[in-house]
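Participant: Below is the structure I would like to discuss, written out as structure tokens.
The values are calculated or read from the model by the stated rules, or taken from the named source; none is laboratory data. Keep in mind the model is a prediction, meaning the values are calculated, not measured. Here the Cβ positions follow ideal geometry from the backbone for every residue, glycine too, while neighbour counts run over all protein chains shown.
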Number of protein chains: 2
Amino acid sequence: MNAQQASLGIGTTGATASPLREAQDTFIRRWGEMGATWGINRTMAEIHALLYVCAEPLCTDDVMERLNISRGNASMSLRALCDWGIIRRQHKRGDRKEYFQSLGDVWEMFSIIAAERKRREMDPVLETIKQCRRMLDESSLGKSAARRPDVQATRQRLEGMEEFMEVTNKIFQQFIGNARSGLTRVVKVLLKAF
Amino acid sequence: MNAQQASLGIGTTGATASPLREAQDTFIRRWGEMGATWGINRTMAEIHALLYVCAEPLCTDDVMERLNISRGNASMSLRALCDWGIIRRQHKRGDRKEYFQSLGDVWEMFSIIAAERKRREMDPVLETIKQCRRMLDESSLGKSAARRPDVQATRQRLEGMEEFMEVTNKIFQQFIGNARSGLTRVVKVLLKAF
DNA sequence: CTATCATTTCAATAAGGACTGAAAAGGATG
DNA sequence: CATCCTTTTCAGTCCTTATTGAAATGATAG
């Protein structure tokens, strides 16, 4: 084991139990668990946590050894994280391997994630709700059907949800649009207001 | 099939394809998909969507038939939704069955969900981060170890994450504390500011 | 061009969650 | 307290997703 590996706490023997490594592992494990409950797969969350806390570029083998995962898994997860945009590839001169590095600014990371999840998961729902409302319009159903109490009740519920998502979307938008290092404008406003 | 069932669009034959039912089903399906990507199981999300759009109390059998799920599944999912507090049990006089009804106010629902997820998923992470930071304190490691660049780098990353989560927590808190029907104070502040 | 090292891909498999159905428990009614 | 109706529970099964490992592909250096 060379000096670099020692400082990373990477190695096949479990003997190296530095406090640094222990602290990092604790964080990584917890972050992985949280990811799972928010619909992000555990391994991806762990890899991200690892790159984030180490705060230096690691290569695929580092990640594999440190988290005990296969090469295939590491490769696919690293690519997914790059696709999300929260880690970046890096080349070291004189080294064929690729290295990966996490963004350092938490606000930027979360703003990227928020943007992506809004696009992938909230926008389609909002679209669907609008469509459902249209299906229950007077112009689609005729006057008498559109006034049935059950139809009206459903329409009202859809309206309530649409309003909510519209507002939530706006907040996301603000968060997304402004986050370039440090606290967002949204957040500053909030913190000042309370 | 009686009148009540007809109006709910519930029935064993697939023949009844009312626009109301179609709109509801579209919403339910989409809501279920979204839930899945946010770590809420699809069936639970669908049941909730059903109770929400119908805007009237339904019994276990209604839910089973409408969503094609088993009694066991319906029972467990309904209980979980009650535990979350976003649907409520109801008794109808002269009827042994229990009925379930969704909260009508979306803001209240999400405030309940936010409170629960904060408690279950964010608070523990924050706790872990604090603990990890303590592991890397000068008082735990001694001066020289605590000043190693790798230790300092990790400590900084943990601090960055802690700050982020602390602020996020405050925002959640505001959202949670104020939401009793209609827009929260947080949301009003936000909307005025932009 | 070939050898060498790195990365990606993907079929096979393992692991984890969700769902069912039937049996048990609960609770109202006469 | 016996009956009838409803709800809950949970072992077994099914289904989805995550992971592996080895073969294919790509990239660099000599």
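Participant: Please find, within region A:14-52, the residue that is modelled with the lowest pLDDT out of those that are assigned to a loop (DSSP other than H, G, I, E, B) and away from DNA strand C (no atom under 15 Å from the Cβ).
Facilitator: A:Gly14
Participant: Further, regarding this structure: Taking only region B:49-81 into account, find how many residues are in contact with a strand residue (DSSP E or B) (Cβ under 6 Å, 6 or more places away or on another chain) and more than 14 Å from chain A (Cβ to nearest Cβ).
Facilitator: Total meeting the criteria: 3.
Participant: Continuing with the same structure: Whether any residue in region B:105-117 is at pLDDT below 95, in a loop (DSSP other than H, G, I, E, B) and within 11 Å of chain A (Cβ to nearest Cβ) is what I want to check.
Facilitator: yes
Participant: Among the residues of region A:86-97 satisfying the criterion of being surrounded by fewer than 18 Cβ atoms within 10 Å (Cβ to Cβ) and within 23 Å of the chain's Cα centre (by Cα), which is nearest to A:Ala49 (Cα to Cα)?
Facilitator: That would be A:Arg88.
Participant: Next question, about the same structure. Tell me which residues, restricted to region A:53-91, are among the aliphatic types (A, V, I, L, M) and within 8 Å of DNA strand C (Cβ to nearest atom).
Facilitator: Within region A:53-91, A:Ala74, A:Met76, A:Leu78 meet the criteria.
Participant: Does A:Ser102 satisfy being in contact (Cβ under 8 Å) with a residue 24 or more places away in the chain, within 16 Å of DNA strand C (Cβ to nearest atom), among the small types (Gly, Ala, Ser) and closer than 30 Å to B:Glu162 by Cα?
Facilitator: So A:Ser102 does not fit the description; no.
Participant: Right, here's the next one. In region A:125-156, which residue that is among the basic types (Lys, Arg) and more than 15 Å from B:Glu22 (Cα to Cα) is farthest from the other protein chains (Cβ to nearest Cβ)?
Facilitator: Restricting to residues being among the basic types (Lys, Arg) and more than 15 Å from B:Glu22 (Cα to Cα), the top hit is A:Lys143.
Participant: From the list B:Leu51, B:Leu67, B:Leu78, exactly one residue is within 12 Å of DNA strand D (Cβ to nearest atom), surrounded by 14 or more Cβ atoms within 10 Å (Cβ to Cβ), of a type in the set (A, V, I, L, M) and touching a residue at least 24 places away in the same chain (Cβ under 8 Å). Which is it?
Facilitator: Result of the check over B:Leu51, B:Leu67, B:Leu78: B:Leu78.
Participant: Looking at B:Glu56 and the list (1) modelled with pLDDT of 95 or more; (2) in a helix (DSSP H, G or I), which single condition is not satisfied?
Facilitator: In the conditions (1) modelled with pLDDT of 95 or more; (2) in a helix (DSSP H, G or I), B:Glu56 misses (2) alone.
Participant: Something else about it: Can A:Arg71 be described as at negative phi and touching a Ser or Thr at 6+ places or on another chain (Cβ under 8 Å)?
Facilitator: Answer is yes for this residue.
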